[in-house]
Amino acid sequence: VKYFEKLNVIGTKISENIKIIYSIFGVTSVEELIASFSSEKELSYFKKSERLKSEPINIFSWKYYVFYESSKIQCDTKFSNDNLNNLIDELNHLFVINKDTIDTTKKILSRYGIKFIIVPKFDKTPIDGFSFWQGENPTIVLTLRLNRIDNYAFALLHEIYHVYMHLFNNREQKYISIEGAEINKCEEEANKFAKYSLISKDLWSAFLKQHSMISPHAMQMKIKQFAHQHNINEAIVLGFYQHDINLYSIKSSISREIK
């Protein structure tokens with residue numbers, strides 16, 4: 001309840017709040033709510049983890065709040081799964097510009113028949129993204145848990161892959177991206193797609209090989225040159241570099257802010 005209060009979903013009248021909460025979870029009684037949670041709590045991403053400080057009931061509540069928010073969005077464009085390359089090109093152009101990024105993302109995805117929502121994460125819910133099908137359209141949700149353009153771009157493309165390659169043919173499935181959760185084949189495919197849609201595999205492999213002997217702390221200029229040459233956001237290149245060499249302490253003047 002306290003999370004719904006923070007999000008201004010519920011007010012002060014108890015009877016009205018109960019109706020709203022039942023509506024969010026799609027139930028009509030406390031017993032149905034308990035049964036709904038019990039049927040899902042064994043899913044792998046609901047498992048408790050001291051390292052991640054995740055809490056199954058919080059993840060469950062966040063998920064159904066997202067369904068509730070998605071149901072309020074009207075999308076008049078029919079989704080088609082034959083325009084993925086065009087969508088990726090538009091988004092990559094947006095990432096380079098990085099201006100009004102979230103609002104523009106929403107407009108772009110809406111034209112492709114995809115609902116897009118930014119939803120705050122709840123406490124103990126290390127969720128980056130979520131994708132599912134509701135009604136006639138797919139929905140993609142991001143939390144901005146890591147509020148950086150490189151993470152934003154990767155998480156968005158990860159969920160886009162699920163929409164086009166998995167959800168289109170299985171609309172009952174749902175994909176939630178939680179740090180530390182088991183990486184199955186579908187998630188691994190989505191990770192690879194996201195990475196190599198931002199920077200092609202051959203291009204990135206050549207860059208790493210060419211600069212393998214350079215000190216990580218001297219890489220900033222090389223990263224900027226590479227990004228400018230190939231029309232890629234500098235922060236995305238920096239983020240990839242830090243991830244692939246497993247060094248996150250590099251000092252850099254490159255801004256990673258989502259603008």
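The values are calculated or read from the model by the stated rules, or taken from the named source; none is laboratory data. Bear in mind the structure is a predicted one, so any value in this text is a computation, not a measurement. Cβ atoms come from the backbone with ideal geometry, glycine included; neighbour counts cover every protein chain shown. In case anyone asks, the SASA skips ligands and DNA or RNA and just uses the protein heavy atoms, side chains included. Shrake-Rupley method; radii C 1.70, N 1.55, O 1.52, S 1.80 Å.
Key figures for this structure:
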| read-out | value |
| --- | --- |
| Under the Debye formula (equal points on every Cα, no solvent term), log10 I(q)/I(0) of segment 116-182 at q = 0.14, 0.26 Å⁻¹ | -0.39, -1.17 |
| Solvent-accessible area of residue 254 with every protein chain in place, 1.4 Å probe, in Å² to the nearest 10 | 20 Å² |
| Accessible area per residue in Å² at 1.4 Å probe, computed on segment 73-169 | 42 Å² |
| Degrees separating the helix 234-245 axis from the principal Cα axis of the chain, which is the longest one | 90 degrees |
| Beta bridge orientation in the chain: antiparallel %, DSSP, nearest 5 | 75 percent |
| Check: the chain dipole with +1 on Lys, Arg Cβ and -1 on Asp, Glu Cβ, in debye | 600 debye |
| Share of carbon and sulfur in the accessible heavy-atom surface of the chain [1.4 Å probe, %] | 50 percent |
| C-alpha long axis of helix 30-40 to longest principal axis of the chain, angle in ° | 30 degrees |
| Kirkwood-Stokes translational diffusion coefficient of the chain, alpha-carbon pairs, 20 °C, 1.002 mPa s, µm²/s | 108 µm²/s |
| Average projection area in nm² (convex hull over Cα atoms of segment 148-207, one quarter of hull surface) | 4.8 nm² |
| Overall Cα dimensions of segment 185-251, principal axis frame, Å, largest first | 36, 24, 20 |
| Contour excess over end-to-end distance, with Cα ends at residue 29 and residue 257 and 0.36 nm allotted per residue | 77.7 nm |
| Packing rank of 92-99, 234-241, where each peptide gets the mean count of other beta carbons within 10 Å, highest leading | 234-241, 92-99 |
| Percent of Cα pairs exceeding the 17 Å cut-off, where the set is segment 63-118 | 44 percent |
| Solvent accessible area, Å² - residue 100, 1.4 Å probe, full protein context | 90 Å² |
| Residue-normalised accessible area of segment 189-259, expressed per residue, 1.4 Å probe, Å² | 60 Å² |
| Relative packing of peptides 215-223, 187-195, 26-34, 156-164 - highest average C-beta neighbours within 10 Å first | 156-164, 187-195, 215-223, 26-34 |
| Crossing angle, helix 56-71 versus the chain [Cα axis fit, 0-90 degrees, rounded to tens] | 90 degrees |
| Linear extension gain, residue 165 paired with residue 16, 0.36 nm per residue minus alpha-carbon span | 49.6 nm |
| Distant alpha-carbon pairs in segment 133-238 (separation over 16 angstrom), percent | 65 percent |
